[in-house]
Every structure is written in structure tokens, then in C-alpha cells.
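K.L.:
Take this structure, written in C-alpha cells, and hold onto it; I'll ask about it next.
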Amino acid sequence: MNIAMLGSGFIARFYADSLKAQRAKDNLVSVYSRNIEKARKFADDYNLSFYSDNMEEVCSREDVDAVIISLPNNLHKAAVAACAKAKKHVLCTKPLGRNAAEAKRMLDLVEGAGIMGGYLEDLCYTPKYLKSLKSVKDGSIGKVLLAKSREAHPGPHSDWFWDHEQSGGGAIVDLGCHCIEIARGFIGKDVRPVEVMCWAATQVHPIKAEDNAIGLVKYANGALGQFEVSWCFRGGMDLRDEVMGTEGTIWLNNFLRTGFEMFSTGKGGYIAEKAESSSGWLFPVGDEVHELGYTNMFTDMFNCIENKSEPMETFYDGYIVNAIIDAAYQSSKSGKWEPVQIDDWRGSNDADSGPATTSYDDTYYLIKKEILHSGEYKLILKHKVTGEVVVRDIKE
Ligand SMILES: NC(=O)c1ccc[n+]([C@@H]2O[C@H](COP(=O)([O-])OP(=O)(O)OC[C@H]3O[C@@H](n4cnc5c(N)ncnc54)[C@H](O)[C@@H]3O)[C@@H](O)[C@H]2O)c1
């Protein structure tokens with residue numbers, strides 16, 4: 001697969017590093033950057049045969065099979081339009097749009113052009129996420145009741161993120177997009193997100209958008225998603241998830257303090273993304289592009305282009321995430337639960353079936369079986385007709 005890169009900044013380099021890692025068979029061949037010097041430097045660094053400051057020219061070249069969009073959020077739509085016009089498969093970084101209307105337009109563009117639209121949501125491809133998702137799908141933790149995801153760091157690295165016109169918002173659109181999709185994956189993508197309650201505030205920085213937020217997303221099957229996002233967190237990049245099911249629990253820590261500790265007086269350089277220090281006790285990450293999901297993500301994307309199948313993360317997923325974010329922004333202003341407006345819902349329309357009940361015998365439901373420190377068992381039961389709650393001691 002021959003790939004063109006649009007953009008030459010932070011994420012373009014992370015993506016290029018993962019595409020060039022481990023003798024990969026897919027080739028990055030060209031780059032667009034508005035600044036021709038930066039395009040030339042990127043092409044030199046990654047040994048690319050072509051660079052340009054003309055986006056359409058890069059997208060339409062014959063040797064290109066797929067295009068990766070690594071541009072600021074306000075440029076995603078125009079870049080997708082250029083790919084659709086050139087009929088090149090397109091992989092777009094997160095968030096897909098600044099809002100659901102933009103994301104829907106991009107979805108329509110790829111579907112109209114008959115090209116693949118892959119949503120580059122790397123945190124849904126981390127090794128720990130993929131393994132835990134399989135456990136959830138295999139039924140290891142039963143029905144998911146709550147899926148919580150947190151991304152917090154000291155704030156983004158480029159000016160445009162801090163300007164809500166260009167970015168579409170603050171920490172919610174920047175980081176919440178990851179957390180919302182992580183929770184959605186655990187709860188089930190077929191389950192409709194119904195409404196959102198969100199608190200958001202600008203606590204530290206002199207900006208219009210929020211730099212701190214917490215939101216709850218109610219799903220049609222009764223499950224709850226929770227996102228916690230911050231541009232105010234000090235000490236690195238905190239990426240943690242928690243899933244509570246009827247039969248089990250999962251806790252994931254994807255990045256910070258995950259088993260690699262180093263002390264330095266400060267003579268070295270880069271430690272890990274958003275690490276705030278290079279001296280004292282430090283928490284590096286072994287293979288960052290793998291731990292952040294980039295390598296698994298591109299393997300899925302290019303396999304699916306080859307096999308003409310759907311990747312795990314599509315433009316449709318990006319659109320649903322944007323719709324949830326829109327509702328979160330509305331709720332943060334109204335202080336109320338706000339509906340998630342989805343004009344093109346493609347999942348199930350089943351609603352909450354209520355709590356799962358386990359029969360103990362013909363007369364009682366089982367509420368709980370408890371083992372005491374004496375070794376005896378207690379049963380807490382509810383009468384099926386009267387609703388009376390009783391306790392029974394038993395020996396096993
Ligand atoms: N984990 C992730 O998936 C992840 C991480 C970081 C960023 N991103 C996303 O990647 C995208 C780019 O972010 P970044 O961190 O690389 O930003 P960046 O500022 O480091 O790089 C942006 C690139 O776009 C170019 N650019 C900026 N304004 C432009 C304009 N007006 N016209 C043409 N080109 C312009 C810059 O020159 C640069 O090459 C954003 O959508 C961001 O949300 C994703």
C-alpha cells in the first residue's frame with residue numbers, strides 16, 4: 001500500500017514512525033505541508049519520494065492508494081473532500097469533525113465516492129484495550145453496566161488546539177472523543193447512546209473553551225459511559241479505563257507509571273508523550289507507538305482496504321462520537337440531560353430490559369450469596385410475589 005501524509009506535525013510524525021517501524025510492508029511515499037520547508041524536512045526524515053505544499057496534488061498522484069489526514073480539526077473536511085475527489089481511501093485522525101454536522105458530511109463524502117473512511121482512533125487499538133474488549137465480548141464480565149475512561153494531561157502542544165474556532169472546543173472534543181469511543185466499544189457499538197449530562201469548566205487557562213470536564217452518557221440498554229478529560233492535569237499523560245459488568249471488572253492503565261521507572265539527574269532527552277520532566281524519577285514507555293495503539297490501528301486499516309472489509313473504527317463511529325460530544329456541549333451549558341441527535345442511526349433500537357433477575361427457587365429470587373468469615377453462608381432472597389426480602393443461613 002502506498003500512502004500519502006497530509007500534515008507534518010506532531011501526529012504525522014507519530015504515524016510515520018509506526019508505518020516505518022518493524023519492516024512494515026506499507027510505504028509512506030509523499031507528504032503535504034503548507035510550509036514547503038517543513039514538507040521537505042519531513043520527506044528527508046522519512047525518505048519519501050515526493051513532497052508538496054499543494055494538498056490536491058498530493059492526494060491525486062497515481063502512486064497513492066491511501067491518504068492519512070494529520071491536520072488540525074478545522075481542515076479535516078476539506079482534506080476528506082480532496083480524497084473523495086481523487087477517489088483515494090482516506091484515514092482521518094480524531095476527532096473526525098468539530099461537530100456532528102461536519103462529521104456527517106465527511107461520512108457522506110466517502111460513502112458517495114466508494115472509498116474507505118477509516119477513523120484513526122488509536123486508543124481503541126492499544127494492546128490492553130484489544131485484549132479487554134475480547135474478554136468483554138467473550139462474556140467474561142457479563143453485561144457491561146458502566147464503562148469509564150479518563151484522559152488527562154497538561155494541555156496540547158500547538159496553538160490551534162487552544163482556539164475553539166479551529167479545534168471545535170476544548171478538552172471535550174480533543175480528549176473526550178477518545179474516552180467516549182473507548183466506553184462505547186465496551187458497552188457495544190450497536191447500542192444507541194441516548195442522552196448526555198456534562199459538567200465543563202475553564203479552570204486554569206485564558207481560553208474560551210473548557211480545560212476540564214466530566215460527562216455521563218446514557219445508553220439505550222441502561223449502561224452508562226463516563227468520560228473524564230483535562231488539560232489541567234500535571235505529571236504526564238493519564239490514560240485509564242474502568243469497566244464494571246454483572247460478572248466482573250476491568251481496570252486498565254495504558255500509559256503513565258505502567259512498570260518502567262527510571263531516575264535521571266536530567267542529562268537525557270525525550271521520555272514519553274506529555275512527560276513534564278526529564279529529571280528525577282521518570283516513567284518512560286517502552287514502545288510508545290505500539291502502547292498507544294498506532295501499529296495495531298494501521299494493520300487493521302490497511303488489511304481492511306486490501307480485503308474490502310470494514311475496519312474496527314470507521315467514519316460512522318467518528319460521526320457517532322461527534323454527536324455525543326455535541327450533546328455534551330449542550331448539557332454543559334443547559335445543566336440538563338441533553339438528547340444525542342443522530343439522524344442516521346444504524347444500530348439496534350432495543351431499549352433497557354431492566355435488571356437481570358436470578359431465580360433461587362419457585363418462590364424466591366436470589367439477591368446475594370455471602371460467605372462470612374466463620375465459613376458459613378448467608379442467602380439474601382426476595383419473595384417473587386410479595387417482594388419481601390429475607391435472609392437464610394446455610395452450610396455448604
Ligand atoms: N492520539 C491521537 O490520535 C492524536 C494525537 C495528537 C493529535 N491528533 C490529531 O491530529 C491532528 C493534528 O494535530 P497535531 O498534534 O499533529 O498538530 P500539529 O500542530 O503538531 O500539526 C498540525 C499540522 O498541520 C499543519 N497546519 C496547521 N495549520 C494549517 C493550515 N491552516 N493549513 C494547512 N496546514 C496547516 C501544520 O503545519 C502541521 O503540519 C488533529 O486533528 C489532532 O486532534 C491525534
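Read-outs throughout are calculated quantities, based only on the coordinates presented, and are distinct from any laboratory measurement. Here the structure is a predicted model, which means the values were calculated and not measured. Positions of Cβ are backbone-derived with ideal geometry, glycine not excepted, and every protein chain shown enters the neighbour counts.
K.L.:
Would you kindly derive the ³J(HN,Hα) couplings of region 321-335 from the backbone phi angles with the Karplus curve 6.51 cos²θ - 1.76 cosθ + 1.60 (θ = phi - 60°), listing them in order in whole Hz, with x for Gly and Pro?
P.N.:
Once rounded to whole Hz, the list reads 4, 4, 5, 5, 5, 4, 5, 5, 5, 4, 5, 5, 8, 7, x.
K.L.:
Output ³J(HN,Hα) for region 194-200: one whole-Hz value per residue in order, computed from phi by the Karplus curve 6.51 cos²θ - 1.76 cosθ + 1.60 with θ = phi - 60°, and x for Gly and Pro.
P.N.:
Once θ is set to phi - 60°, the couplings for region 194-200 become 9, 8, 9, 10, 9, 9, 9 Hz.
K.L.:
What's the exposure ranking of Ser332, Ser8, Ser140, Ser359, going from fewest to most Cβ atoms within 10 Å? Each step should come with its number before you reach the end.
P.N.:
On the way: Ser332 21, Ser8 25, Ser140 13, Ser359 10.
Fewest-to-most Cβ neighbours within 10 Å comes out as Ser359, Ser140, Ser332, Ser8.
K.L.:
Shifting gears a bit: No solvent, one uniform scatterer per C-alpha: report log10 I(q)/I(0) for region 308-357 via the Debye equation at q = 0.13, 0.20 1/Å, two decimals.
P.N.:
-0.48, -0.85
K.L.:
If you place +1 on the Cβ of every Lys and Arg, -1 on the Cβ of every Asp and Glu, and leave all else neutral, what size is the dipole of region 16-132 about its Cα centre, to the nearest 20 Debye? Spell out each step's value before the answer.
P.N.:
Working: 18 positive and 16 negative charges, 66 e Å.
The dipole of region 16-132 has a size of about 320 debye.
K.L.:
Anyone know which of Lys369, Lys38, Lys134 comes out most mobile in the 10 Å Cα GNM of the chain?
P.N.:
Among Lys369, Lys38, Lys134, the largest GNM mean-square fluctuation belongs to Lys369.
K.L.:
Give, in whole angstrom and from largest to smallest, the semi-axes √(5λ) of the equivalent ellipsoid of the chain, with λ running over the eigenvalues of the Cα gyration tensor.
P.N.:
On the way: eigenvalues 346, 122, 88 Å².
The answer is 42, 25, 21 Å, longest axis first.
K.L.:
For region 221-328, restrict the atom set to alpha-carbon positions and state the Rg and Dmax in Å.
P.N.:
Both quantities, over Cα of region 221-328: 18.0, 53 Å.
K.L.:
Turning to a different aspect of this structure: Apply 1/(1 + (r/R0)^6) to the Cβ-Cβ distance of Ala351 and Thr246, taking R0 = 25 Å, and write down the FRET efficiency to the nearest 0.05. Let's see the in-between values first.
P.N.:
Working: r = 18 Å, r/R0 = 0.72.
Efficiency for this residue pair is about 0.85.
K.L.:
So, one more: Measuring from label point to label point, each 7 Å out along Cα→Cβ, what is the Ser359 to Asn253 span in nm?
P.N.:
The answer from the label model is 4.5 nm.
K.L.:
Can you bin region 2-121 into rounded, prolate or oblate? Criterion: square roots of the alpha carbon gyration tensor eigenvalues sorted a ≥ b ≥ c, rounded for a/c under 1.5, prolate for a/b above b/c, oblate for the rest.
P.N.:
The shape class here is prolate.
K.L.:
List, in the order given, every pair from Lys88/Lys274; Lys148/Lys274; Lys218/Lys384; Lys25/Lys88 whose Cα-Cα distance in the structure shown is over 24 Å. Don't jump to the answer; show the numbers that get you there.
P.N.:
Values: Lys88/Lys274 33 Å; Lys148/Lys274 22 Å; Lys218/Lys384 29 Å; Lys25/Lys88 19 Å.
Checking Cα-Cα distances, Lys88/Lys274; Lys218/Lys384 exceed 24 Å.
K.L.:
Here's another thing I want to ask about it. Could you give the length gained by full extension between Trp281 and Asp138, i.e. 0.36 nm per residue of separation minus their alpha carbon distance, to one decimal place? If you can, show how the numbers build up before the last one.
P.N.:
Details: separation 143, 0.36 × 143 = 51.48 nm, distance 3.92 nm.
Difference between extended and current length: 47.6 nm.
K.L.:
Quick check: net charge around Lys128, other residues with Cβ under 9 Å of its Cβ, Lys/Arg +1 and Asp/Glu -1? All intermediate terms of the calculation are to be shown ahead of the outcome.
P.N.:
Values: positive: Lys131; negative: Asp241, Glu291.
It works out to a net charge of -1.
K.L.:
Apply the Debye scattering formula to region 124-339, with a single equal point scatterer on each alpha-carbon and no solvent, then give log10 I(q)/I(0) at q = 0.08 Å⁻¹.
P.N.:
Once normalised to I(0) and log-transformed, intensities are -0.30.
K.L.:
Quote to one decimal, in nm, the extra length available between Arg34 and Ala201 on full extension: 0.36 nm per residue of separation minus the C-alpha distance between them. Please list the in-between numbers first.
P.N.:
Numbers: separation 167, 0.36 × 167 = 60.12 nm, distance 3.38 nm.
Going from the current span to full extension adds 56.7 nm.
K.L.:
Still on this structure: Calculate, in nm to one decimal, what Glu388 and Gln341 gain on full extension: separation in residues at 0.36 nm each, minus their alpha carbon distance.
P.N.:
12.7 nm
K.L.:
Let's test the formula: R0 of 25 Å, r as the Cβ-Cβ distance of Ser264 and Arg13. What FRET efficiency results, to the nearest 0.05?
P.N.:
On the way: r = 24 Å, r/R0 = 0.95.
Step by step, r from the Cβ atoms, then E = 0.60.
K.L.:
May I have the extent of the alpha carbons of region 114-224 along their three principal axes, as whole Å values ordered from largest to smallest?
P.N.:
Principal-axis extents of region 114-224 (Cα, largest first): 46, 34, 29 Å.
K.L.:
With a cut-off of 8 Å between alpha carbons and a minimum separation of six or more residues, what is the relative contact order of the chain in percent?
P.N.:
Values: 862 pairs, mean separation 61.0, N = 396.
Across the chain, relative contact order equals 15 percent.
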